[in-house]
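Undergrad: Input: one structure, supplied below.
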Amino acid sequence: MDEKYAFALRKLALLGAIDDHISISSRELGETLEMSQQSASKRILELLNAQLITRDLGTRKQRIKITPKGVEEMKREYNEYRRIFELTDHLTIHGEVSSGMGEGGYYICQEGYMTQFKEKLDLVPFHGTFNVRIDPNEISKLDVLRSTAGILIEGFSSEGRSFGNVIAYKARIHNVDCAIVVPERSHYVDILEIISPYHLRRTLSLNDGDKVDVKITF
């Protein structure tokens, strides 16, 4: 996103334009965006054309709200700053052990995946996935994870079925090597699916609801 747009969105967001419409005059808008009223009006038109804000015009003031697209652009920039200032060579995600839907073992044991896990991750996984439900206040870390370059496990076809690409990230749980696998068509939004050479529940004596930290290395 263009930095001049990012600056304007930040200033509007600080006034509350993410949660609701804000009422602001042309003079106030110029002061907020640190430019002349004329330049501020032009910037607002640019944000409108880019579908980053919506606007209702009143007699003396205008009502402005940041659109979902604008919020997503801000989140993307926020995650880039997090990577700069908060992350080094790893990311830790907190969550709790959760039962999956029972499909992980079927997909993981496919030879097309198993061969690549061994070659690219140096890992021959136990036939099944270990699932961690991410703490609600940690969900934003998924965006950080997805913005990093993982290890591509290429999709393939077998016996008339297609298996899609998977992105893998090397990780550790309680100092046990493992890897997060993220299918391109994943339906989970708060679950980490994890593979390991070990049956992690038995090896680490974990049950549903137990708290775990997943340390992802880049």
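Undergrad: Scan Leu52, Leu45 and give me the residue that is of a type in the set (A, V, I, L, M), surrounded by fewer than 16 Cβ atoms within 10 Å (Cβ to Cβ) and at pLDDT 90 or above.
TA: That would be Leu45, the only listed residue that is of a type in the set (A, V, I, L, M), surrounded by fewer than 16 Cβ atoms within 10 Å (Cβ to Cβ) and at pLDDT 90 or above.
Undergrad: Can I ask one more? Having 1 or more residues that are of a type in the set (D, E, K, R) and not assigned by TED's automatic domain parsing to the domain that holds Ala179 is the bar; report the helices (runs of 4 or more DSSP H) wholly within segment 49-159 that clear it. Walk me through how you get there before you give the answer.
TA: Working: elements: 68-85, 104-108, 111-121, 140-146.
Of the helices (runs of 4 or more DSSP H) lying wholly inside segment 49-159, those with at least 1 residues that are of a type in the set (D, E, K, R) and not assigned by TED's automatic domain parsing to the domain that holds Ala179 span 68-85.
Undergrad: Take Val97 and decide whether it is hydrophobic (A, V, I, L, M, F, W, C), surrounded by 13 or more Cβ atoms within 10 Å (Cβ to Cβ) and within 30 Å of Asp210 (Cα to Cα).
TA: Considered against the rule, which asks whether it is hydrophobic (A, V, I, L, M, F, W, C), surrounded by 13 or more Cβ atoms within 10 Å (Cβ to Cβ) and within 30 Å of Asp210 (Cα to Cα), Val97 comes out as yes.
Undergrad: Of everything in segment 118-150, what is touching a helix residue (DSSP H, G or I) at 6+ places or on another chain (Cβ under 8 Å) and more than 21 Å from Asp213 (Cα to Cα)? Give them in sequence order.
TA: Matches in segment 118-150: Val124, His127.
Undergrad: Okay, moving on. What's the number of the only condition in (1) among the aliphatic types (A, V, I, L, M); (2) surrounded by 18 or more Cβ atoms within 10 Å (Cβ to Cβ); (3) under 11 Å from Ile194 (Cβ atoms) that Val176 fails to meet?
TA: Condition not satisfied by Val176: (2).
Undergrad: Related question: Scan segment 149-165 and report the pairs whose first residue is surrounded by 10 or more Cβ atoms within 10 Å (Cβ to Cβ) and whose second residue is of a type in the set (A, V, I, L, M), with Cβ atoms within less than 6 Å and a gap of 6+ or a chain change.
TA: Short answer, once both residue conditions are applied: Gly150/Ile167; Gly150/Ala168; Ile151/Ala168; Ile153/Val166; Ile153/Ala168.
Undergrad: Does Thr115 satisfy the condition of being without any contact (Cβ under 8 Å) to a residue 60 or more places away in the chain and out of contact with any Cys (no Cβ under 7 Å at 6 or more places or on another chain)?
TA: Yes.
Undergrad: Mind checking which pairs have a first residue in segment 167-185 that is outside any strand (DSSP E or B) and a second that is of a type in the set (S, T, N, Q), Cβ under 8 Å, 6 or more apart or different chains?
TA: Once the first residue is outside any strand (DSSP E or B) and sits in segment 167-185, its partners that are of a type in the set (S, T, N, Q) give Glu184/Asn165.
The values are calculated or read from the model by the stated rules, or taken from the named source; none is laboratory data. This one's a predicted model, so the numbers in the text were calculated from it and none came from an experiment. Because the Cβ atoms are built from the backbone with ideal geometry, glycine has one as well, and the counts that use them run over all protein chains shown.
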